[in-house]
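The values are calculated or read from the model by the stated rules, or taken from the named source; none is laboratory data. From a predicted model like this one, the values you see are computed outputs, not experimental measurements. Don't worry about glycine lacking a Cβ; one is built from the backbone with ideal geometry, like all the others, and counts go over all protein chains shown.
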Amino acid sequence: MKKFLNAIIVLIAFHSSYSVAQEIEETLVITSAFIDTAEINNPLYVIDGDDIAESATTSLGDFIDEYLGISIADYGAAVGQPIIRGMSGPRVKILKNGMVNRDVSGLGVDHLNDLDLHDVQQVEIVKGPSSLLYANGTTGGIINVVDDCISALNYELPEINIGYETQSVNDGSSEFFNVKSMVAGFNVNFGYKNTEFGNYDIPNGAIMHEEEHHDEDDHDEDHHDEDMHEENLGYLNNSDYAVEATKFGISKVGDWGYVGFSVDNLESVYGIPFHGDEHGDEHGDEHGDEHDDDHEDEHGDEHGDEHGEERIFSTTDSESFTIKGSYNVNGNLVNKIDFTYRDSDYTLTEAHEEEHGEHEEEHDDDHGDEHGDEHAPTVFSNQAVEYTAIFDISNANSTQKVVVNIVDEDNSIVGEEAFMNPANSEEFTIGYYLSKDLGLNSLDLGMRLDQIERSGSVTDEDHGDVDYYNIDDSTNSFAVTLGRDLSDTLNVSLGYASVERLPSAIELFMNGPHMATGRFEVGNPNLNSETSNNFDVTFNFDNGDFYGYASFYVTDVDNYIALIDEEDDHHDEDEHHEDEDEHHDEDEHHDEDEHDDHGHGNLIHANYMQEDAEFDGYEIEFGKDFSLGSGELSLSFGRDVVNAKFSDGHYVPRINPARNIYSLSYKQEDLTFKLVLKDVEKQNDFGEGETATDSYQMLNTRLTKSFSMGNSDLKVTLFANNLLDEVARNHASFVKEEVPLPGRNYGLKFNFDF
């Protein structure tokens, strides 16, 4: 700790004199823990809040999937884990108002990001080297969701927003309400949103799986036919979700700065459309037969129990308390201090319908008793406390900031799928950022030192022994970007970043069945830190009518951590010994299949392993604007490609294929039309244990019309997603075969402001 305190003194003393400060766009909200996003020369998207408000309600990942370099690993409608330039998981951080969102999405691919996009000012996406300026280990990038729940500016007039949305694909709706007003000299913000979506429709022919039953009865064949029919009814079982979000914030603004607090609460219930079966066919037969008679001829209102399918779902409950403010020091060294404190408490419970207690009348007592212990709920919890202080030491010559960040985070899993013992993480960060305008050239420089301590344990599966680990290490990261104006219309920037990432708690201490992935996953407490070296070059061209963008990057990652499926070498071994002892091998192999060496049943055994890897790719986009009538027509084409290989020549698993994105938009003062075609190519470069994924085309459109009604405004949006009703499977998904993307979706959305 002492060395970090000394480093703070040194970094502040580094304060020096440079030329003219870089201007900050007034329309851009200052949110970063280190910098103003307007000052980033590297690839950056800033999505306006109006665009968010006019779009269909969906997951965060689905919403940003149309942007170059960004994709998702979906798991049904509620869950969409973002991927940036092939990097995912702990390499991509989700932030809320500049601070990492501390949920349990990192503990499972079936866990949603605990964020609601209602009443959001903007979403910032930073790709590549500059992302380390926000949080540690961000090899891929960051996604920052910004709202003004704690307002840094006084509300001029009371604002009330009421809205409603309906969607056809899931027979669902969403209602929302928000009010902002000045009350007794304080800015008050209150928001509420309630969303209820049922099982979503899938295109005809998208059969997820065909269950085979081996009953003792004589109607196996007929029963199998029924299952095939049920699986082809046109909707995805357990793809429903419901979210209720509430937020309240209050702030006081003065010449000295501002200070305020907010309370956020989000509760959700969502189905899990795929759940691995460690008990094998016998288990499935037992459930299939017992449920069939109880649920008939209901489409999904009861979320999936109706067709003999077991209801598996998750509930979440998160609460966060935040204090945030800024104090104008106006001293000789420090201009102002931004500070944030956040205390968050997050719980996710995964359960089966029998445990939930709903529809108990449809199940006899014996059935409940039979499965009560077998399907005990699993509770994932995360408690975190975080402190951040940002010292602005800018002067007339440059932008300079120093940040200090402290985090204490506890993870716990209790229940049937407790695949990891409790773990604790403590982080201490000190960072420095410099931005300087050099006329035709510009310089961005950032560095951070992270002291991280992770403590946890691993229970030996065979003997029950518990081994405790305390991993205390530091990481050093820095990024530098040089920009140059080649002309009035053309700019180029060169970026280099070296980023160290300490393994996450799940990569270190995971040791148990993970049904969401259909795997028995095993971590490794002896994993080393990842070190990535990133090079990128970006060109930007804009002459007012025509624009172009191109970014090329290479990322070499030493000790890349990946979840790798074990190869099934039983077949080879049997072939080798076939002549020697055929019957013995058959019996032994049968026993291994039944118990998977440790009683894992049908689960794939997978290990977190390390190997050097290289990622490279590019993003290009060009477009042209036309005057058309009283509005402006814009046409654009974009393409993104990412390749990823291990040093031994094998492909990194779950890398999205190349995409071509065609966009047409038309804007008038009160009218907006947008049409986007996302052409996703076939993925033939797949890792071990994967299969190729077919290409698909996703056509989405949206029309928004505004009506002025005195002092009020009514905004009506018509949208349609997957107009072609394409059968689409996401290669980055662990469950692409079982969980296809939604089919054609029509919707209507109202926003009334007064």
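Among the residues that make up the range 445-461, is at least one of them out of contact with any strand residue (DSSP E or B) (no Cβ under 8 Å at 6 or more places or on another chain), over 30 Å from His605 (Cα atoms) and surrounded by fewer than 20 Cβ atoms within 10 Å (Cβ to Cβ)?
Let us first name the residues in the range 445-461 that are out of contact with any strand residue (DSSP E or B) (no Cβ under 8 Å at 6 or more places or on another chain), namely none.
No, that holds for no residue.
If you take the residues of the range 58-74 that are of a type in the set (Ser, Thr, Tyr) and surrounded by fewer than 23 Cβ atoms within 10 Å (Cβ to Cβ), which of them is modelled with the lowest pLDDT?
Step one: filter the range 58-74 for residues of a type in the set (Ser, Thr, Tyr), giving 58-59, 67, 71.
Next, only the ones that are surrounded by fewer than 23 Cβ atoms within 10 Å (Cβ to Cβ) stay: 58, 67.
Numbers: Thr58: 84, Tyr67: 89.
Here the residue is Thr58.
Quick check on Asn526: is it surrounded by 15 or more Cβ atoms within 10 Å (Cβ to Cβ) and not basic (Lys, Arg)? Step through it out loud before you land on a result.
Details: surrounded by 15 or more Cβ atoms within 10 Å (Cβ to Cβ): no; not basic (Lys, Arg): yes.
Spelling it out, it is not the case that Asn526 is surrounded by 15 or more Cβ atoms within 10 Å (Cβ to Cβ) and not basic (Lys, Arg).
Only residues in the range 632-657 that are modelled with pLDDT of 95 or more and surrounded by fewer than 20 Cβ atoms within 10 Å (Cβ to Cβ) count as the first member; pair them with residues that are of a type outside the set (Phe, Trp, Tyr) and part of a loop (DSSP other than H, G, I, E, B), Cβ under 6 angstrom, at least 6 apart or cross-chain, and list the lot.
Val641/Ala658
Filter the range 84-109 for residues that are of a type outside the set (Lys, Arg) and part of a helix (DSSP H, G or I) and give the result. Break it down stepwise before answering.
If we filter the range 84-109 for residues that are of a type outside the set (Lys, Arg), which is where we start, we get 84, 86-90, 92, 94-95, 97-101, 103-109.
Listed by number, the residues that qualify are Gly89, Pro90, Ser105, Gly106, Leu107.
Of the residues Val716, Val680, which single one is within 22 Å of the chain's Cα centre (by Cα), β-branched (Val, Ile, Thr) and within 28 Å of Asp625 (Cα to Cα)?
Numbers: Val716 fails: within 22 Å of the chain's Cα centre (by Cα).
Just one listed residue meets the conditions, Val680.
Just one of (1) at pLDDT 95 or above; (2) within 16 Å of Ala206 (Cα to Cα); (3) not small (Gly, Ala, Ser) trips up Glu738, so point out which.
With respect to (1) at pLDDT 95 or above; (2) within 16 Å of Ala206 (Cα to Cα); (3) not small (Gly, Ala, Ser), Glu738 is out only on (1).
Going through Leu699, Leu724 one at a time, which residue ends up being of a type in the set (A, V, I, L, M), out of contact with any helix residue (DSSP H, G or I) (no Cβ under 7 Å at 6 or more places or on another chain), within 26 Å of Gln81 (Cα to Cα) and surrounded by fewer than 16 Cβ atoms within 10 Å (Cβ to Cβ)?
Values: Leu699 fails: surrounded by fewer than 16 Cβ atoms within 10 Å (Cβ to Cβ).
Matching residue, one of Leu699, Leu724: Leu724.
Looking only at the range 711-740, count how many residues are closer than 15 Å to Asp110 by Cα and hydrophobic (A, V, I, L, M, F, W, C).
Selection size over the range 711-740: 4.
If I ask for residues that are part of a strand (DSSP E or B), among the hydrophobic types (A, V, I, L, M, F, W, C) and closer than 30 Å to Arg519 by Cα, which ones from the range 243-277 would you list? Reasoning before the result, please.
As a first pass, look at the range 243-277 and keep what is part of a strand (DSSP E or B): 243-254, 257-271.
Now drop any that are not among the hydrophobic types (A, V, I, L, M, F, W, C), which leaves 243, 245, 248, 250, 253, 259, 261, 263, 266, 269.
Of everything in the range 243-277, those that are part of a strand (DSSP E or B), among the hydrophobic types (A, V, I, L, M, F, W, C) and closer than 30 Å to Arg519 by Cα turn out to be Val243, Leu266, Val269.
Quick check on the range 387-396. Is at least one of its residues of a type in the set (A, V, I, L, M), modelled with pLDDT of 85 or more, under 33 Å from the mean Cα position of the chain (by Cα) and within 22 Å of Ser314 (Cβ to Cβ)?
No, the range 387-396 contains no residue that is of a type in the set (A, V, I, L, M), modelled with pLDDT of 85 or more, under 33 Å from the mean Cα position of the chain (by Cα) and within 22 Å of Ser314 (Cβ to Cβ).
Looking at this structure, is Asn526 touching a helix residue (DSSP H, G or I) at 6+ places or on another chain (Cβ under 6 Å) and either in contact (Cβ under 8 Å) with a residue 40 or more places away in the chain or not in a strand (DSSP E or B) (or both)? Break it down into steps so the answer makes sense when it comes.
Working: touching a helix residue (DSSP H, G or I) at 6+ places or on another chain (Cβ under 6 Å): no; either in contact (Cβ under 8 Å) with a residue 40 or more places away in the chain or not in a strand (DSSP E or B) (or both): yes.
Criteria not met by Asn526.
Within the set of pairs 6 or more residues apart or between chains, which connect a residue that is closer than 23 Å to Tyr235 by Cβ inside the range 702-728 to a residue that is surrounded by fewer than 14 Cβ atoms within 10 Å (Cβ to Cβ) with Cβ atoms less than 7 Å apart?
Val727/Gly205
I need the full set of residues from the range 389-400 which are touching a Ser or Thr at 6+ places or on another chain (Cβ under 7 Å) and either surrounded by 20 or more Cβ atoms within 10 Å (Cβ to Cβ) or among the hydrophobic types (A, V, I, L, M, F, W, C) (or both), in order please. Steps first, please.
Just the residues of the range 389-400 that are touching a Ser or Thr at 6+ places or on another chain (Cβ under 7 Å), to begin with: 395, 397-400.
Listed by number, the residues that qualify are Ser398, Thr399, Gln400.
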